[in-house]
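Engineer: My questions all concern the structure below.
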Ligand code: HEM
């Protein structure tokens with residue numbers, strides 16, 4: 001979708017791109033203070049990490065520019081991918097965004113669009129092994145509504161409220177992006193506080209998703225929070241894993257589709273378990289995202 005290429009599993013370039021995106025996330029998080037006070041990048045302790053971040057980012061950008069240059073500057077009538085769409089808009093609107101913006105946008109799409117869904121799925125697998133009763137209920141709903149003779153499709157989602165509620169509860173309890181760094185573009189007032197333009201402001205999604213006044217017993221994994229008395233799905237005003245407002249996630253629909261298709265198809269066919277004697281560890285590793293600690297999983301084909 002982004003660069004017009006489908007990467008195969010095991011493609012060394014894709015592996016490198018993923019590794020770069022992950023390392024950039026980790027280093028970016030450690031250096032967040034430098035984002036607020038840029039002068040710190042010259043100080044020992046920060047300088048080495050800052051240079052590493054710049055080198056990795058430059059490597060990521062150079063891979064992306066390779067794909068951009070393969071496309072040339074003119075877009076075909078039949079748009080194949082994001083690069084074509086950008087070039088076409090540029091062709092039709094002279095003075096559109098500078099070329100380098102395309103590189104930044106693709107890097108953004110790449111890192112925002114891969115780690116997010118895969119991390120949520122990893123957390124989901126961990127919670128489903130720790131709460132086998134939830135896993136069984138999802139499987140029973142899938143058997144009842146979809147059966148086993150065809151794979152679940154995205155259009156089945158509306159008839160699978162418990163499965164949907166489980167995905168929402170995974171997103172709430174894992175909150176893979178806990179803090180959203182924003183900056184005010186204008187002077188504003190919030191809850192009586194004056195906030196000048198140019199202030200770094202962090203939205204604390206983790207706190208919102210774990211606030212006991214909104215989510216009773218917030219550390220309990222309980223998809224029923226998202227179900228009404230009639231078993232229908234219900235939303236919650238404190239649930240916003242894709243954020244809200246002007247900068248909310250671009251890829252929300254795609255992310256939801258990936259989570260649903262991957263989880264529903266896996267649980268239709270397989271049961272997930274932790275190895276004998278293993279205890280689930282819900283303490284994540286904090287970077288710009290929260291990663292689960294590595295764990296082993298036993299995947300068994302369902303009878
Ligand atoms: C489970 C999956 C996903 C989750 C939980 C998620 C969550 C988020 C969150 C919390 C933000 C920050 C919004 C803010 O700063 O207020 C964001 C931004 C963004 N996401 Fe996602 N996302 C997911 C999947 C995707 C996918 C699949 C794509 C693209 C294909 C994507 C593209 C983006 C982009 C480009 C931004 C930056 C938007 C901007 O700054 O204007 N995301 N996402």
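Values in this text are rule-based calculations from the coordinates and carry no lab data. Keep in mind that this is a model prediction, so the values were computed, not measured. Cβ sites come from the backbone with ideal geometry, for glycine too, and all protein chains shown count toward neighbours.
Engineer: For residue 58 and residue 70, compute 0.36 nm times the residue count separating them, minus their Cα-Cα distance, and round to one decimal in nm. Walk me through the numbers on the way to the answer.
Structural biologist: Working: separation 12, 0.36 × 12 = 4.32 nm, distance 1.85 nm.
Answer, rounded to one decimal: 2.5 nm.
Engineer: Right, next: Report the residue, chosen from 64, 79, 170, that carries the largest GNM mean-square fluctuation when the chain is represented by alpha-carbon nodes joined by springs under 10 Å.
Structural biologist: For the chain, modelled as a Gaussian network with Cα springs under 10 Å, the answer is 79.
Engineer: Across the Cα atoms of the range 25-135, what radius of gyration and what greatest pairwise Cα-Cα distance (Dmax) are found, in Å?
Structural biologist: That works out to 19.5, 58 Å for Rg and Dmax.
Engineer: Per Stokes-Einstein, at 37 °C and 0.692 mPa s, what whole-number D in µm² s⁻¹ belongs to the range 220-278, with the Kirkwood radius over Cα pairs as the hydrodynamic radius?
Structural biologist: 226 µm²/s
Engineer: Would you compute, for the Cα atoms of the range 132-303, the largest minus smallest coordinate along each principal axis and list the three values in descending order, in whole Å?
Structural biologist: Principal-axis extents of the range 132-303 (Cα, largest first): 61, 36, 29 Å.
Engineer: In Å, the Kirkwood hydrodynamic radius of the chain over pairs of distinct alpha carbons?
Structural biologist: Working: mean 1/r = 0.0456 Å⁻¹.
Value: 22.0 Å, from the Cα pair sum.
Engineer: How far is it, in nm, from the label point at residue 273 to the one at residue 180 when both lie 7 Å from their Cα along the line to the Cβ?
Structural biologist: About 4.1 nm separates the two model spin labels.
Engineer: Could I ask something else about it? Specify the angular offset, from 0 to 90 degrees and rounded to the nearest 10, of the alpha carbon long axis of helix 161-174 from the longest principal axis of the alpha carbons in the chain.
Structural biologist: 50 degrees
Engineer: If you don't mind, there's one more thing I want to ask. Work out the FRET efficiency for residue 93 and residue 148 from their Cβ-Cβ distance, taking R0 = 51 Å, and round it to the nearest 0.05. Display every interim value, and only then the final one.
Structural biologist: Numbers: r = 51 Å, r/R0 = 1.00.
Computed FRET efficiency for residue 93 and residue 148 comes out at 0.50.
Engineer: Running a GNM on the chain with Cα contacts under 10 Å, which residue among 191, 60, 109 ends up with the highest mean-square fluctuation?
Structural biologist: 191
Engineer: Could you tell me the relative contact order of the range 19-89? Use alpha-carbon pairs under 8 Å, at least six residues apart, and round to a whole percent.
Structural biologist: Values: 36 pairs, mean separation 17.8, N = 71.
So the answer I get is 25 percent.
Engineer: Just to compare against my own numbers: the Cα pair-distance distribution for the range 86-146, 5 Å bins, whole % per bin, please.
Structural biologist: Reading the bins upward from 0: 4, 14, 13, 12, 11, 9, 8, 7, 8, 9, 6, 1.
Engineer: With axes computed from alpha carbons, what is the tilt in degrees of helix 82-92 against the longest principal axis of the chain, rounded to the nearest 10 within 0 to 90?
Structural biologist: 40 degrees
Engineer: Mean residue ellipticity at 222 nm from the helices of the chain, using -39,500 (n - 2.57) per DSSP H segment of n ≥ 4 over the full residue count, to the nearest 500 deg cm²/dmol? Display every interim value, and only then the final one.
Structural biologist: Values: 9 runs with 144 residues, N = 303.
After summing the helix terms and dividing by the residues of the chain, the value is -16000 deg cm²/dmol.
Engineer: Something else now. Report, to the nearest 10°, how far helix 47-71 tilts away from the longest principal axis of the Cα atoms in the chain, using its own Cα long axis and a range of 0 to 90°.
Structural biologist: The two axes meet at around 90 degrees.
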